[in-house]
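Trainee: My questions all concern the structure below.
The values are calculated or read from the model by the stated rules, or taken from the named source; none is laboratory data. A quick note: this is a predicted structure, and the numbers were derived from the prediction, not measured. Glycine gets a Cβ as well: all are built from the backbone with ideal geometry, and neighbour counts include every protein chain shown. Heads up: the accessible areas ignore ligands, DNA and RNA and are worked out on the full protein's heavy atoms, side chains in. Shrake-Rupley method; radii C 1.70, N 1.55, O 1.52, S 1.80 Å.
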Amino acid sequence: MTESVKATLALAYTDARYTQTLKMGDVVILHKGDALGTPPNLPSPWNVTASIDYQLPTIRSVTTHIRAEDTFHSHNPGPFFADNPASPLYSPGFRPDPSTNILNLRASVRWPSFDLAIFVNNALDSQPTLGRRPDNPNVPVTNIVATTLRPRTVGLSGTWRFD
């Protein structure tokens, strides 16, 4: 590596589970060991973020940076309280969260009092189905609501600094 290149790696592991079985009368709502959270908003066990920053040579107080960042969230294998047919929270056909991977890119130029940047979030336009559920579980035939990641987003930003 050189002084103009910086690489980072961040790893995280989470094993979040309910520590007690919860009942309402004789009905089990959730079991000890079920994954913590409400599907599809569950913590992923493994999270990995890697990035590389490159600073181009400075020309008369002007700096240019290029950054690529990749974020990976692993699949949560459960078990989930929504899988228990005896629970009032049972959600048949629930599809647990898949692993996800998002690549973000950014290029910026900095003058002494002004910054200009262009960015692309979710550059590969990753669109996995994160969760799926009926919009009205009390109606036999209903629409299905699904969630995904924000689609590829391109933007431009500028910042003027007053000294």
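Trainee: Can you tell me which residue is nearest to ARG17 (Cα to Cα) among those in region 62-88 that are part of a loop (DSSP other than H, G, I, E, B) and open to solvent by 20 Å² or more (accessible area, probe 1.4 Å)? Before the answer, list the steps.
Mentor: Our first condition is that a residue be part of a loop (DSSP other than H, G, I, E, B); within region 62-88, this holds for 74-80, 84-88.
Those left that are additionally open to solvent by 20 Å² or more (accessible area, probe 1.4 Å): 75, 77, 79, 84-86, 88.
On the way: HIS75: 15, PRO77: 12, PRO79: 9, ASN84: 15, PRO85: 19, ALA86: 19, PRO88: 19 Å.
Restricting to residues being part of a loop (DSSP other than H, G, I, E, B) and open to solvent by 20 Å² or more (accessible area, probe 1.4 Å), the top hit is PRO79.
Trainee: Take the residues in region 113-147 that are open to solvent by 70 Å² or more (accessible area, probe 1.4 Å) and of a type in the set (Val, Ile, Thr); name whichever of them is modelled with the highest pLDDT.
Mentor: Residues of region 113-147 that are open to solvent by 70 Å² or more (accessible area, probe 1.4 Å), as a first pass: 118, 124, 127, 132-133, 135, 137-138, 140-141, 143-144.
Among the residues that remain, those that are also of a type in the set (Val, Ile, Thr) are: 118, 141, 144.
Details: ILE118: 98, VAL141: 60, ILE144: 73.
The selected residue is ILE118.
Trainee: Can you name the number of the only condition in (1) at pLDDT 90 or above; (2) among the hydrophobic types (A, V, I, L, M, F, W, C); (3) over 19 Å from the mean Cα position of the chain (by Cα) that ALA82 fails?
Mentor: (1)
Trainee: Residues that are within 15 Å of the chain's Cα centre (by Cα) and open to solvent by 40 Å² or more (accessible area, probe 1.4 Å): does region 14-27 have at least one? Working first, answer last.
Mentor: Narrowing region 14-27 to residues within 15 Å of the chain's Cα centre (by Cα): 14.
Filter once more, so that each one left must be open to solvent by 40 Å² or more (accessible area, probe 1.4 Å): 14.
Within region 14-27, one or more residues are within 15 Å of the chain's Cα centre (by Cα) and open to solvent by 40 Å² or more (accessible area, probe 1.4 Å).
Trainee: For region 13-61, please list each of the strands (runs of 3 or more DSSP E) lying entirely inside it that holds at least 1 residues being touching a residue at least 12 places away in the same chain (Cβ under 8 Å) and under 30 Å from ARG106 (Cβ atoms).
Mentor: Per the criteria, 46-59.
Trainee: Just wondering, is there one or more residues in region 33-45 that are open to solvent by 80 Å² or more (accessible area, probe 1.4 Å), under 27 Å from the mean Cα position of the chain (by Cα) and at pLDDT 90 or above?
Mentor: No; the residues of region 33-45 include none that is open to solvent by 80 Å² or more (accessible area, probe 1.4 Å), under 27 Å from the mean Cα position of the chain (by Cα) and at pLDDT 90 or above.
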